[in-house]
Amino acid sequence: MKLSDKSRQILKLIRDGRSYEQILSLHSDYTYKDIFSAAQEALELESPIDSTYQDRLENIRRKHANAYEPWTYQQEELLKKMHMGGAPLHAIASALKRQPSAIRGRIRKLSLDE
């Protein structure tokens, strides 16, 4: 979706520091509703309605089934064993079905990197 020409013009005026009243006095064909519609269009471009937190979480969990799940004792023990054995980060992440960033964070939390 793209911004309409009217919305683009209104948003440029807002960017330039114009108030609602100034915009309406400069452009007699604009209304408050046009200004609010321009803001709505811009917001829909930034964050599409169908991209909710749950959708993003499901996408992550397709690759990393345990993403954002609490760590179990057994998972932490496997992490320690693999890390101390020199396993690469991607191998540990794959074994634990977690994102590499989660592995790095847990390594720091458990002070395994010292």
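Data table
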item: Positive-end residue, the chain charge dipole about Cα centroid, Cβ charges, pick of 52, 24, 96; result: 96
item: Degrees, to the nearest 10: 5-15 long Cα axis against longest axis of the chain; result: 80
item: Correct choice for Cα Rg over 2.2 N^0.38 Å that was computed from the model, options (1) 1.20; (2) 1.86; (3) 1.44; result: (2)
item: Probe 1.4 Å, protein heavy atoms only - accessible area per residue of the range 1-84 in square angstrom; result: 77
item: Helix 53-63 vs. the chain, principal-axis angle (Cα, 0 to 90°, nearest 10); result: 40
item: Per-residue ³J(HN,Hα) for the range 73-88, Karplus 6.51 cos²θ - 1.76 cosθ + 1.60, θ = phi - 60°, Hz, x for Gly and Pro; result: 4, 4, 5, 5, 5, 5, 4, 4, 4, 5, 5, 5, x, x, 5, x
item: Dipole magnitude of the chain about its Cα centre (Cβ charges: Lys, Arg +1; Asp, Glu -1), debye to nearest 20; result: 580
item: Loop GluC sites (Glu not before Pro), the range 1-47 (other Cβ atoms within 10 Å of the site Cβ: 12 or fewer; DSSP); result: none
item: Gaussian network model of the chain, Cα within-10 Å springs - most flexible of 78, 24, 89; result: 24
item: With every protein chain in place, the chain: carbon and sulfur % of accessible area (1.4 Å); result: 52
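The values are calculated or read from the model by the stated rules, or taken from the named source; none is laboratory data. Source: prediction; values computed, not measured. When we count neighbours, we look across all protein chains shown, and the Cβ atoms used for this are built from the backbone with ideal geometry, even at glycine. Just the protein is used for accessible areas: all its heavy atoms, side chains included, with ligands, DNA and RNA removed. Shrake-Rupley method; radii C 1.70, N 1.55, O 1.52, S 1.80 Å.
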